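Values quoted throughout were computed directly from the atomic coordinates according to the rules given, and no laboratory measurement underlies them. Because the structure is a prediction, the values reported are computed rather than measured. Don't worry about glycine lacking a Cβ; one is built from the backbone with ideal geometry, like all the others, and counts go over all protein chains shown.
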Amino acid sequence: MSRDALAEARRRYEQKRARQIKAGTWRGMIDATKAREHVKNLHRIWLVSYEAIGQLAGIGGTTVSHIAEGTPARQLPPPGRITARVSDALLTVTVDDLPDNYLISTVGAMRRLRALSVAGWPMREVAHRTGADWSGLKSIRRGERTVVLVRTARLIRETYDVLIQLNPYDHCRSTAVTASRKRAMSNGWYPMEAWADAIDDPAVQPWTTIRCSHPTCIRGAKDERLLCEVHLKRLHDRGSFDGMRIIRNRSALIEDIRFVLATDPPINPKTLEIDGERLAERLGTSWAALERALLRANINLNELRERKSA
């Protein structure tokens, strides 16, 4: 660009800036934190390169990298402020903007497939509905892949959003549904409630921040009050939890036991074994009822704990 052309461009920019200031629409330089966190999340959660983010935003990859992490080679920290135009451009970039053949993290796809198995959906039915290869989906579900095509991840997400709202017994053979649930339980996979809205984030652990806040309840929370569906309904219907008892069938009770032992088992400091009384108290039942359920299911508490720890 010649000196005259540069001067002309600068003049037009100043005129535009003056008009926007007069109209009250001038934004100029703004805090870079929001755009930086968005870019870093795309990079950390989805493994999207800064170069790819820059291409989608119409910004140089080096600039995106500098906004996110600074420039260590020149001892430059990330900028505290960036132009509104750059911030807006970066904040509009999503994973769905990437080309179908781009490789992203498989964590979200794996967790969705596992949650579908927990719900009872056979992998052949999932493969049929996504149009994806059955063996490939099983490989993703087992955690054998670290990356997956955007196209495949999108298909899995769209199918998951539909199937997770349906009853698999209405669409599949009951034996296939039961087998899927048993396989999921034996592998220790988690239901969709365990992840809330963070199913794609590899740094998030299941149930860590979304447990129901009602005492002894271990279901996943459904809203900002940290209450599960059961307690939300009770609160809506009666306005309080007074007199509410926790009622479970045996399989649900066993599932709750498995969860507690896998996350925060109550240990007797003297014997270093599972404290049955404390476990029963946390589950809102009596040790006698808990012991009957364990005997009928042929489960030993300490052996179950050891398997979870292995």
- prompt: What relative contact order, as a whole-number percentage, does the range 28-97 give when Cα pairs under 8 Å and 6 or more residues apart are counted?
  reply: 42
- request: Would you grab the residues whose amide H sits under 5 Å from the one on ILE267? Only those 5+ places off in sequence or on another chain, please, with H modelled 1.01 Å from N.
  value: ASP275
Between the range 47-61 and the range 110-136, the alpha-carbon center distance in angstrom: 32
statement: Karplus ³J(HN,Hα) for the range 115-127 (6.51 cos²θ - 1.76 cosθ + 1.60, θ = phi - 60°; Hz, whole; x = Gly/Pro) runs 5, 5, 5, 4, 6, x, 7, x, 5, 5, 5, 5, 5
- prompt: For MET110, MET29, what's the fewest-to-most ordering of other Cβ within 10 Å of each Cβ?
  reply: MET29, MET110
message: With 10 angstrom as the radius, rank VAL147, VAL126, VAL95 by how many other C-beta atoms surround their C-beta, starting from the fewest.
response: VAL147, VAL95, VAL126
task: Evaluate 2.2 N^0.38 Å with N set to the residue count of the range 28-97, then give the Cα radius of gyration divided by it.
output: 1.00
Gyration tensor (alpha-carbon) shape descriptor, the range 122-162, a/c threshold 1.5: oblate
